Amino acid sequence: MSSSPDDALDRAQALFTAGEAAAGEQALRDALPHPRAVAALRDLLLSERRMDEVPAVLQAGPLDDGALAWVNRAVTRQLEGDPASVVVLCQKALAVAPGDAAALHHLGRALHNAGKAEASVKALRAATAAAPDYAEAWHSLGVVLRAHGDFDAARTAFERALQHNPSLVRARLDLGITHQAMDRGDLALAQFQEVLDREPDHVEALVNAGLAHQLLEANSQARACYERALEVAPDHQSALYYYGALLNASMDTEGALAALGRARELKPDDADACFEMAGALEQSNRLQEAATVVREGLAIAPGHPGLRLEASRVERREGRIDAALEHLRAVDPRQLSPRLATDFFYELGTVLDRAGDAPQAMQAFQTANRLAGQSIRQRQADPQRFLQRVQRMQGWVEAGARLPESRDDEATRGEGLCFLIGFPRSGTTLLDTILDAHPDVDSIEERPTLEGAIEAIAELPGGYPGALPVLDSAQRQALREVYFRRLEQFGVRPAPGRLIADKLPLRAINVPLIRALFPAARLVYSYRHPCDVVLSNFMQHYAVNDAFSNFLDLGQTVRTYDAVMRLWSAMSTALDLPLCTLGYEALVADPDAELARVCGFLGLSWSPEMLSPEARLGARGRVRTNSYHQVAEPIYARAVGRWERYRQWLQPWLGLLDPHARRLGYPALTQDSPGSVGEMNTIGPQTS
């Protein structure tokens, strides 16, 4: 005996509740042309955006003047893009059947499309009140609430939709997208993954999962999602856009430009793709190309805040400070996402600093750092974890700083290695790009090379740095091999007659390990006026890590500088270091003399290409640090003494910075006697 249409409808609902989407849909189709089946299948297809299948279902519906017929006519007008007619037809349905949930649902959708937010929400809430298990109405309510910025209420609506029909793919995707908008990457990823568990090649789920992985800084997983999405749908515009953005963040400029260029071909009016492409070009110091893309983007979307931001960067770098400010003043930061607002205020501070407006610049940087400190990535960092590493090394140095004895016959002593160190923003990137232009130098910039060895030694008895004094020859060789494997991962191999310049400023705190593994490696230590260093670090929008998270507050920046510099002073006194020190101010004042001294220390011949910005950047690709725009210019001295304009904000910290200034050879910052420097030795320009 065959089942009745009502039985099929009940079975369909049970299947949907159990998450059996395909079987539930088939049960609805089996029950056609039952009016309830028509309405349910119609709304399911609309909710899942399968618009091309809806007309055939509508044709199975009644032709009388009942509520279902009026709603079906309304949906037909909706598919034709006529929201005004939809409103009229839904009102006719409600005249026939007051309180009809389907009529209220589609009325709410039409009102939303007509831009009537309050009335739309009212109608959709009435629909869900009339039929609390109406999953598609809950879904539509969530879409409308999210469109108007009420993320918490939208999340609740999507959850109610999935409670009544867990197999609604669009509702699950929308719930994940809402979590993502709320910076809840882990919760977003869980929703996208649930879709992918059922449909591994669901392109939208793959793209959104990639975004969630990026939010969680899992870039390799994000890349895999985007690449799979593009295997399934090579011309998926959003996948190309987000893939290009990821490649840009990963410093793959050419890959980023190719993906973004294709995204723009598929959607020429995509201002977001213009914004991302302009950023990739500007960060690669291709300013003319960046300016062209910015103009093209602003022609499409004159008010696009990201493009205004990129326009400001280009104008600032071309020296047109007033024009840069004009672009920024066209942006209302209150309307920006937290991430773009953070970028905006860092750029505003930088432009105001260049304009000489210290009070407004400081206010902008304070706002930028406050916003940066609220990001989900920043919340995952631990500033104290870095300071504890500094303190452990300080205690080890104060306890005697013993290193294992090195043998001259060891296979690798580091003769071809040079480590560029110092506190960040002391000129290490400038020096790195200069040396990289030398024909006999291979540079590796800010990569975790030595850090692999640190991780390995931390597993030994005594940990790190406690195990350093007792490392035997075999252990040292094993740790060297870890280091050289890391070098090879980043495309650098030792070669006779060539020097590897391995630059990571804060690696200065790990000099004892460098000495233990590579006693013949040379060290070039860059320094700069403490106040300029502290100020510059406070003004930077750094990628998040434990160390840089200390730079979001000016006082904490000073305390971090003090801790690191005290450790450096103790280490440079306790250890016999093959060291050349280089003052930033001396370098920009007389680059020929200072570089000749550094080259002599490193055993390099003089090469005039080192002072050419074109030669320094021509074969290098993108600079990985925040100094990318500065090292693209001829060497300049405008940043020397900048701190004097910010003295009032630094005043509470001058006493803590004064001993470091005196030790480095700068004038005293306070009126205390010179004896306050204690036992800290003077660095000054020297070569050992």
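The values are calculated or read from the model by the stated rules, or taken from the named source; none is laboratory data. Predicted model, so just to flag it, every value in this text is computed and none were measured. Every residue, glycine among them, receives a Cβ derived from its backbone with ideal geometry; neighbour counts consider all protein chains shown. What goes into the accessible areas is simple: the full protein's heavy atoms, side chains included, and nothing from ligands, DNA or RNA. Shrake-Rupley method; radii C 1.70, N 1.55, O 1.52, S 1.80 Å.
At a glance:
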read-out	value
Amide H contacts of D442 (H built 1.01 Å from N, under 5 Å, at least 5 apart or other chain)	L499, I500, A501
Fraction of antiparallel bridges per DSSP, the chain only, in percent to nearest 5	5
Per residue accessible area of the chain, 1.4 Å probe, in Å²	42
Size descriptor, Kirkwood hydrodynamic radius, that averages inverse alpha-carbon separations across the range 180-231, Å	10.5
L79-R370 FRET efficiency (beta carbon distance; Förster radius 51 Å; 0.05 resolution)	0.60
Difference of contour (0.36 nm per residue) and Cα-Cα distance, E254 to E451	68.1 nm
Proximal aspartates and glutamates relative to K92, as straight alpha-carbon distance under 15 Å, when same-chain residues fewer than 8 apart are discounted	D64, D65, D100
Förster radius 45 Å - calculated FRET efficiency between K267 and Q651 (Cβ-Cβ, nearest 0.05)	0.30
Expected 222 nm ellipticity per residue - DSSP helices of 4 or more, -39500 (n - 2.57), all of the chain, to 500	-19000 deg cm²/dmol
C-alpha center-to-center spacing [the range 496-568, the range 383-435] in angstrom	9
Calculated FRET efficiency for the pair D6/R320, C-beta based, R₀ 60 Å, to 0.05	0.25
Gained length - L32 relative to A458, 0.36 nm times residue gap less alpha-carbon distance	146.5 nm
Net charge of Cβ neighbours under 11 Å - reference A12; Lys, Arg +1; Asp, Glu -1	-3
Total formal charge among the other residues, if their Cβ is under 12 angstrom from that of P512, Lys/Arg +1 and Asp/Glu -1	+3
Percent accessible area from carbon and sulfur atoms, the chain, protein chains only, probe 1.4 Å	50
Between the range 222-296 and the range 102-133, the Cα center-to-center distance that results, in Å	38
Estimated translational D of the chain in µm²/s (Stokes, Kirkwood radius over Cα pairs; 4 °C; 1.567 mPa s)	45
Label point distance in nm, L187-E159, each placed 7 Å from Cα along Cα→Cβ	0.7
Convex hull projection area averaged over all views, the range 305-398, Cα basis, nm²	8.1
Extended-chain gain in nm, criterion 0.36 nm per residue less alpha-carbon gap, V232 and A14	75.3 nm
Mean separation of Cα contacts under 8 Å (6+ apart) over length of the chain, as relative contact order %	8
P(r) of the range 154-297 over all Cα-Cα pairs, binned every 5 Å from zero, in whole percent	2, 11, 18, 19, 17, 14, 9, 5, 2, 1, 0
The range 1-98: C-alpha pair distances exceeding 16 Å, %	57
Cα-projected label distance for A218 with A147, points at 7 Å along beta-carbon direction, nm	3.2
Euclidean distance of C-alpha centroids, the range 30-85 and the range 150-220, integer Å	28
R493-A117 pseudo-label distance in nm [points 7 Å out on the Cα-to-Cβ vector]	6.0
Gyration tensor verdict on the range 292-334 (Cα atoms; rounded if a/c is under 1.5, prolate if a/b is larger than b/c, oblate otherwise)	oblate
Probe 1.4 Å - accessible area at S406, Å² to nearest ten	50
Kirkwood Rh, angstrom, the range 341-481 [1 / mean 1/r, Cα pairs]	19.3
